[in-house]
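Okay, so here's the structure we're looking at.
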């Protein structure tokens, strides 16, 4: 895409690999099959005409937009850390979740808000509209809604 003057970014993770005779740090894509691009609407067709590119990731029927601040956070984090591990926890508003730990363990509810570390959950089974903030590590998704698509695949 550089040949087409399309600004792109593929976050690379420094990973320690062991071979039979040596250890080495190599760089591998942090998000497998994802490449971030900065394009105008009329440039999208040019991106899709690039070899090995399949499609954009869509969110609410529009190409997903990643804010500059989020890209800068990824870059900074990868600069400061190696062997970064990703864990997909696709929790969205209206998803049904179950609390795994704490005083509300095993309770189920609907997600009403998602922040960086917590989700707000409506717990109707108590007979009240109790909304609690729960650490994302302490929940599990009960129902899956939607499909995860790739931003750009290479």
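The values are calculated or read from the model by the stated rules, or taken from the named source; none is laboratory data. Keep in mind that this is a model prediction, so the values were computed, not measured. Positions of Cβ are backbone-derived with ideal geometry, glycine not excepted, and every protein chain shown enters the neighbour counts.
A few comments on the model shown:
- Within the range 118-145, tally of residues that are more than 15 Å from residue 95 (Cα to Cα), part of a strand (DSSP E or B) and modelled with pLDDT of 75 or more: 1
- Of residues in the range 31-49 being in contact (Cβ under 8 Å) with a residue 40 or more places away in the chain and touching a helix residue (DSSP H, G or I) at 6+ places or on another chain (Cβ under 7 Å), the one farthest from residue 72 (Cα to Cα): 46
- In the range 50-71, the qualifying residues are those that are under 15 Å from the mean Cα position of the chain (by Cα) and touching a residue at least 24 places away in the same chain (Cβ under 8 Å), and the one that is surrounded by the most Cβ atoms within 10 Å (Cβ to Cβ) is 56.
- Condition met for residue 37 (over 17 Å from residue 138 (Cα atoms), in contact with a strand residue (DSSP E or B) (Cβ under 7 Å, 6 or more places away or on another chain), modelled with pLDDT under 80 and not in a helix (DSSP H, G or I)): no
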